[in-house]
Structures are given as structure tokens and as C-alpha cells.
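S.K.: Below is a structure I'd like to ask you about.
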Amino acid sequence: MKGIKEMEIFTLLETIEDMLENSKQIPFSHKAVIDKNEILEIIKEIRLKLPEELKQAQVIKEEHDRIISKANEEAGEIVKEAENRIISMIDEHEITKKAYEQKSKIIENANDMAREISNGTKAYADSILAGIQVALEDALKIIENNRKEVK
């Protein structure tokens with residue numbers, strides 16, 4: 001199924017290429033007159049036929065943002081909780097000192113977790129995008145070869 005969508009994308013890209021090659025050129029320039037709506041329709045079709053991996057990358061980015069936001073909320077709650085504990089234990093100096101140390105460790109752990117989640121999400125998105133890049137580069141080579149054969 002994936003191959004069919006990719007071939008359809010190549011066909012649409014070739015259509016755009018043909019439109020540009022066959023468009024009327026403005027005299028004394030490298031500019032051409034094309035039907036904007038027709039090009040926009042083809043681009044919409046290409047977007048609809050893009051591999052699922054690209055759509056997944058967007059979902060991953062949104063999930064990454066949600067996880068970071070949640071981690072920040074949890075860190076804020078942890079900080080508030082630590083502050084409340086500190087206030088309640090202010091009478092005893094040693095307990096207060098330990099509470100401050102614990103607060104720092106909790107914040108540091110929350111930041112480490114957020115960083116790890118962020119790095120993992122970025123690495124996963126990068127691997128998907130790398131695969132898509134390879135597929136698109138292969139597609140471009142096919143288009144170039146097809147054009148050479150046509151010429």
C-alpha cells in the first residue's frame with residue numbers, strides 16, 4: 001500500500017514539473033505564468049498521500065510537548081509540596097536543612113526525567129524523519145532517471 005501512495009506522489013510531482021516546464025515564460029525573465037489554484041490542488045493531494053511516518057512525527061511532537069508540559073506541572077507540584085513541608089518543619093533547623101536538600105533533588109530528578117523524555121522523543125522523531133528523507137531521496141532519483149529517459 002505504501003508503494004502505491006509513493007508512486008501517486010511521484011506522479012503528482014511530475015505533473016507539477018510538467019506544468020512548470022510547459023508554462024508560458026515571461027519575456028526577458030526566468031519567471032513563468034502558472035495556474036495557482038491548480039498547483040495548490042496538487043499540493044493538497046500530495047499532503048493527503050504523504051507517508052504515515054510524517055503524520056506520526058507530528059503526533060510525536062505534540063506528545064513530546066504534552067509530556068514536557070505535564071513534567072513541568074508535576075515539577076511545580078513537587079516544588080509546592082516541598083515548600084509546604086519546609087514551612088511545616090521550620091522549627092527544627094536540621095529538618096529544614098534536609099527538606100531544602102530533598103527539594104533540590106526532587107527538582108533535579110524532575111528536570112532529568114523531562115530531559116530524558118525530550119531526548120527520547122527527539123531521537124525517535126529524528127529516526128522517522130531520516131527514513132522519510134531516504135525515501136524521498138530515492139524518489140527524487142527515480143524522477144531524475146525517468147526524466148533522463150524521457151529526454
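Only the coordinates and a few stated rules stand behind these numbers; no lab work does. All of these numbers come straight from a predicted model, not from anything done at the bench. Note: ideal-geometry Cβ built from the backbone for every residue, glycine included; neighbour counts use all protein chains shown.
S.K.: State, as an integer percentage, the relative contact order of the chain based on alpha-carbon contacts under 8 Å between residues 6 or more apart.
M.R.: Relative contact order comes out at 27 percent.
S.K.: Restricting to Cα atoms and excluding each atom paired with itself, what does the Kirkwood estimate give for segment 24-95 in Å?
M.R.: Hydrodynamic radius (Kirkwood, Cα only) of segment 24-95 equals 18.2 Å.
S.K.: Rounded to the nearest 20 Debye, what is the dipole magnitude of the chain about its Cα centre when Lys and Arg each give +1 and Asp and Glu each give -1 at the C-beta?
M.R.: So the magnitude is around 380 debye.
S.K.: If the cut-off is a Cα-Cα distance under 18 Å, which aspartates and glutamates reach Lys141, setting aside same-chain residues fewer than 8 apart in sequence?
M.R.: Lys141 reaches Glu6, Glu8, Glu14, Glu17, Asp18, Glu149.
S.K.: Also, I was wondering about something else. Can you list the trypsin sites (Lys or Arg not before Pro) in segment 22-104 that are in a DSSP coil and have 13 or fewer other beta carbons within 10 angstrom?
M.R.: Hits after loop and neighbour filter: Lys31.
S.K.: What is the dipole size for segment 1-50, taken about its Cα centre, with +1 at each Lys and Arg Cβ and -1 at each Asp and Glu Cβ, in debye to the nearest 20?
M.R.: 220 debye
S.K.: Charges on Cβ only, +1 for Lys and Arg, -1 for Asp and Glu, centred on the Cα centroid of the chain; of Ile39, Asn119, Leu20, which one is farthest towards the dipole's positive end?
M.R.: Checking the options against the dipole of the chain, the answer is Leu20.
S.K.: Angle between the Cα long axis of helix 36-49 and the longest principal axis of the chain, 0 to 90 degrees, nearest 10?
M.R.: Its long axis makes an angle of about 60 degrees.
S.K.: Relative to a virtual label point 7 Å from the Cα of Ser118 in the Cα→beta-carbon direction, which members of segment 50-80 show backbone nitrogen distances below 11 Å?
M.R.: 65, 68-69, 72
S.K.: Here's a follow-up. Under 16 Å Cα-Cα from Lys98, which aspartates and glutamates qualify once same-chain neighbours fewer than 8 residues away are excluded?
M.R.: Glu81, Glu83, Glu108
S.K.: Next question, about the same structure. When we measure straight from the Cα of Lys55, which lysines land under 23 angstrom away, once same-chain ones fewer than 8 places off are left out?
M.R.: Correct list for Lys55: Lys2, Lys5, Lys44, Lys70, Lys122.
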